[in-house]
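Where a number appears in this text, it was derived from the coordinates with a stated rule and is not lab data. These figures come from a predicted structure and were not determined experimentally. Positions of Cβ are generated from backbone atoms using ideal geometry, with glycine treated the same way; all protein chains shown enter the neighbour counts.
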Amino acid sequence: MKRWGRTAIGIVIVLVLLFPLYWMVNASLQPSGALLKADPDWFPVHPTFTGYTSAFSGQLDHLLTSVIVALGTVAVSLLIAMPAAYALAQLKIRGGPLFVFALLIVQMIPGIVMANSLYTVFSDLNLIDSYTALILADSTATIPFAILVLRAFMIAIPRDLTEAARVDGAGYLRTFAAIVVPVSRNAMVTAGLFAFLFAWADFLFGVTLTTGSTIEPITVGIYKFIGNQTADWNGIMATAVLASVPAAVLLVIAQRYVVAGVTGGAIKE
Amino acid sequence: MTLLIAGGVGARTGSNRPSRARATRRWRDRLARFAFLVPAVVYVLVFFGYPLAHNISISLRDYTVRSFFTGEAPLVGFANYGTVFDDPLFGKAILNTLIFTVASIFFQFVIGLALAVFFADRFPGGNLLRALLLLPWLLPLVVSGAVWRWMLDADHGVVNAALRALHLTTGATPWLTSPHWALPAVIIANIWIGIPFNLVILHGGLTGVPVTLYEAAALDGAGRWQRFRHVTWPLLRPVTAIVLMLGLVYTIKVFDVIMVITGGGPANATQTLTTWSYQLSFRQYSFGPGAAVGNLLIVLATVFGLVYLRSARTSLAQETR
């Protein structure tokens, strides 16, 4: 009985803390006129999907841009981080620990500093407003994290396993492709998931490395949507709901990878 | 010295040829292993090393929009830093950064710890509810910022409506348009965003506390608070240090939340070092001072970061002991 009391309190806590999300969904379903009343409706009394239709028509390009950038960031991050993590975890490499330390340090660098200098670098290379620039910039945040998470996992792969392959005549590349990669599947999902979520959520690089003339990620789309004086909160909140979908879906289908990433990134580093 | 080594190597390789082959093989082996790390090393050098050096270089130059076309940016020494220090906004941005960081971390930590302790006891649905609480942390910060901007709206926001319904206020508190309320408003939003992170890490730390210790303390007649005070708190210290330091490193550089909710305004009431650096570089196109502010941020973040790494190392050492 006492334990169910805890559950009740827990539900209340969750309701209070997740209220802002409810409020987002609530506003996304109400006509703009209803949102501007003095006392708000606590439920969508007259639900409407105009917000979502306007979000789709106005923000579809931005959503697509974000999908491409996020998937590109996942690919680049894993391509570079997987072999590096293997080298740092399984192959004795001189200077390896120093490199790990460098990865920890570069994670502390504030994004605005990176944005500042990457802007000048990419504009020299004529890469402003390009997927390449956004993917490479987002990868600065995801690669160090991915290497550290994957390395922490690969250290635990028994040496017997990798060395047996070597004795059988497999080179490092074969060992890597045939043993390390398949065994590390879970850690790859965690690293890839966080790379996706970061790139999807990125606002700083999006707002500094695009001018709005060609491509623009959804986060920048929302930012500019809010900046419009019209303040169509119904449309804004509908867009916000759409932008939240990947995070919500991933939390549901990949919760244990998410938790592994949060704790792995913080403590095992 | 050099001669000696050269002679030694020559003597060795000259005397027996198989060992030379072995040396080449070892070299090849070392290269093969290093090849796996090369892409990452190149990436870090190109995308961290170069930009950082570039940022320092920009901060020492008169870098303007024109520089992009002419490629000319004359060296001006530390003039940009002088400009930044003399700017009346400098003190304000430092103070805002400090208040924002300390207040955010304090409340995130206290609330996160309380929730972690609450969820540490097993009860039906506990794990599911705890997982749901992660959601705010996974959402894009722009989304969270947008939601809070809407909730804190003076005339139509739910926060003011709730305060009126509870008879705590009668009017409409101008959360985002008053210089007095804007900073508390962005802090409240940021606390909400940071609670899940604190909860997850502290919860992880709590599960590491042996149950037998609680049982022993309970047998000795320790109440709930005493058990927390004398068992949980001391054993949680390494994890606490990690959470606080990571919180510092994250919070100092918060950008999205402030940009979306207030944009640094009104009247710079929520301008922090991060948003100010953005304003300087990307709104006023004063890249030199913008880079200078950025470098000050790096110094701040690295100092806290090194403290974090030290505490993380000692806690890891304690774990393995």
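Quick notes on this one:
- When region A:143-239 is described by a simple charge dipole with +1 on each Lys and Arg Cβ and -1 on each Asp and Glu Cβ, the residue from A:194, A:211, A:161 located farthest towards its positive end is A:161.
- Rounded to the nearest 10 degrees, the angle from helix A:19-28 to the longest Cα principal axis of chain A is 60 degrees.
- Between residue A:11 and residue B:303, the simple label model (points 7 Å from Cα in the Cβ direction) yields a spacing of 4.9 nm.
- Residue A:86 sits among other residues whose Cβ lies under 11 Å from its own Cβ, and their net charge, with Lys and Arg +1 and Asp and Glu -1, is +2.
- In region B:189-310, a dipole from Cβ-located charges (positive for Lys and Arg, negative for Asp and Glu) runs towards its positive end, and of B:226, B:258, B:202 it is B:226 whose Cα lies farthest in that direction.
- Projected label points at residue A:245 and residue A:3, each 7 Å from Cα along the beta carbon direction, are separated by 3.9 nanometres.
- Three-way shape label, chain A, alpha-carbon gyration tensor, a/c 1.5: oblate
- Basic side chains Lys and Arg get +1 at the Cβ, acidic Asp and Glu get -1 at the Cβ, and with that the dipole of chain B about its Cα centre reaches some 1820 debye.
- Shown here for region A:100-193: chymotrypsin sites (Phe, Trp or Tyr not before Pro) in loop regions (DSSP other than H, G, I, E, B) with at most 12 other Cβ atoms within 10 Å, of which there are none.
- Note on A:217-223: average number of Cβ atoms from other chains within 10 Å of each residue's Cβ is 4.
- Charge sum, other residues only, whose C-beta stays under 13 Å from residue A:237's C-beta, Lys/Arg counted +1 and Asp/Glu -1: -1
- With a 10 Å cut-off around each Cβ of B:148-160, the average count of Cβ atoms from other chains is 4.
- Structure-based [θ]222 nm, the protein assembly as shown - -39500 (n - 2.57) summed over DSSP H runs of at least 4, per residue, nearest 500: -23000 deg cm²/dmol
- Cβ-Cβ FRET estimate between residue A:22 and residue B:180, R0 fixed at 25 Å, reported to 0.05: 0.30
- Ordering of B:146-155, B:231-240, A:156-165, A:108-117 by burial proxy (mean other Cβ atoms within 10 Å per residue, highest first): A:108-117, B:146-155, B:231-240, A:156-165
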